[in-house]
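For reference, the structure I am asking about is given below.
The values are calculated or read from the model by the stated rules, or taken from the named source; none is laboratory data. No experiment lies behind these values; they were computed from the predicted model shown. Cβ coordinates were reconstructed from backbone atoms using ideal geometry, including for glycine residues, and neighbour counts include every protein chain displayed.
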């Protein structure tokens with residue numbers, strides 16, 4: 001089988017490409033930097049260097065593939081987040097149609113059932129809707145929950161103020177959270193089977209926790225067992241994001257997403273369509289967090 005993977009050597013795309021290569025398949029990896037893809041090339045992948053903004057490039061890269069994995073690359077300098085996500089979705093759709101691709105796995109997000117009110121995820125809703133216009137193409141929308149990876153942003157806050165937090169708080173067992181390795185494993189499973197039909201959705205969650213449990217687990221792992229989770233006012237949360245280098249538009253979108261997490265609408269569709277949890281639990285991630293915390 002021939003697969004094309006967007007996302008370069010990212011936290012999901014790299015292990016996904018490695019799994020497909022290990023299964024004996026041909027894999028082309030699309031990225032913006034050849035050096036970042038060299039490790040995958042050494043393992044047998046083909047590199048396609050170009051931009052997701054270039055439909056002609058994407059069409060050429062997708063040509064002849066049995067299946068394509070698409071994801072929107074992150075851009076922390078973005079000043080029009082939702083519009084950029086929507087346009088990238090349109091680019092993918094045009095290229096997939098031109099290349100006559102029959103199977104597509106898309107990295108979306110929990111909350112993408114909502115057209116508005118979930119920050120950047122509203123942009124991924126638009127990507128899903130664009131891909132749903134593909135005639136005769138089977139599309140699987142993967143909707144992972146909040147990433148453990150996002151919690152690394154708390155390292156500086158913990159060191160400076162002795163707290164963790166955001167502009168949201170979630171009760172025990174009501175916060176779905178996921179590890180990127182579990183996402184990659186599901187993406188590989190689905191691409192290897194290729195048994196989805198029409199347009200389907202699959203949620204990916206590693207654990208169901210709460211924000212107090214997050215603070216407790218991280219605190220214990222770093223020797224601060226009384227670490228609290230603090231819910232910040234929007235202005236304080238936004239100021240911290242701007243100080244970290246995010247654009248105002250991106251910060252505003254994350255504030256909006258925080259509201260959706262806090263009031264639960266982000267997760268409402270997940271609770272209706274739950275699937276088995278992944279392998280990486282909060283205590284497992286806490287060890288990874290501690291290693292990063294102690295390395296800084």
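Go through region 132-156 and give me each residue that's assigned to a helix (DSSP H, G or I) and under 17 Å from the mean Cα position of the chain (by Cα).
148, 149, 150, 151, 152, 153
Collect the residues in region 48-84 that are touching a helix residue (DSSP H, G or I) at 6+ places or on another chain (Cβ under 9 Å), surrounded by fewer than 15 Cβ atoms within 10 Å (Cβ to Cβ) and in contact (Cβ under 8 Å) with a residue 60 or more places away in the chain, keeping them in residue-number order.
Result: 76, 77, 79, 80.
Scan region 111-124 and tell me whether some residue there is modelled with pLDDT of 95 or more, crowded, with 23+ Cβ neighbours inside 10 Å and over 15 Å from the mean Cα position of the chain (by Cα).
Within region 111-124 (the criterion being modelled with pLDDT of 95 or more, crowded, with 23+ Cβ neighbours inside 10 Å and over 15 Å from the mean Cα position of the chain (by Cα)), the answer is no, since none of the residues qualifies.
Kindly indicate which of 240, 258, 245, 278 is at pLDDT below 95 and surrounded by 14 or more Cβ atoms within 10 Å (Cβ to Cβ).
On inspection, the qualifying residue turns out to be 240.
While we're looking at this one, here's another question. Can you tell which of 69, 76 is within 22 Å of residue 178 (Cβ to Cβ) and out of contact with any strand residue (DSSP E or B) (no Cβ under 7 Å at 6 or more places or on another chain)?
Testing whether each residue is within 22 Å of residue 178 (Cβ to Cβ) and out of contact with any strand residue (DSSP E or B) (no Cβ under 7 Å at 6 or more places or on another chain) leaves just 76.
Residues of region 95-112 being in a loop (DSSP other than H, G, I, E, B) and within 14 Å of residue 2 (Cβ to Cβ), which ones?
Answer for region 95-112, where residues must be in a loop (DSSP other than H, G, I, E, B) and within 14 Å of residue 2 (Cβ to Cβ): 99, 100, 101, 102.
A further question follows. Is it true that some residue in region 157-171 is modelled with pLDDT of 95 or more, within 25 Å of residue 11 (Cα to Cα), under 14 Å from the mean Cα position of the chain (by Cα) and surrounded by 21 or more Cβ atoms within 10 Å (Cβ to Cβ)?
No: region 157-171 contains no residue that is modelled with pLDDT of 95 or more, within 25 Å of residue 11 (Cα to Cα), under 14 Å from the mean Cα position of the chain (by Cα) and surrounded by 21 or more Cβ atoms within 10 Å (Cβ to Cβ).
So, one more: Filter the helices (runs of 4 or more DSSP H) completely within region 189-296 down to those with at least 3 residues that are under 25 Å from residue 13 (Cα atoms) and under 19 Å from the mean Cα position of the chain (by Cα).
Those helices (runs of 4 or more DSSP H) span 248-263, 282-295.
Looking at residue 15 and the list (1) surrounded by fewer than 22 Cβ atoms within 10 Å (Cβ to Cβ); (2) on the phi > 0 side of the Ramachandran plot, which single condition is not satisfied?
If we test residue 15 against (1) surrounded by fewer than 22 Cβ atoms within 10 Å (Cβ to Cβ); (2) on the phi > 0 side of the Ramachandran plot, just (2) comes out false.
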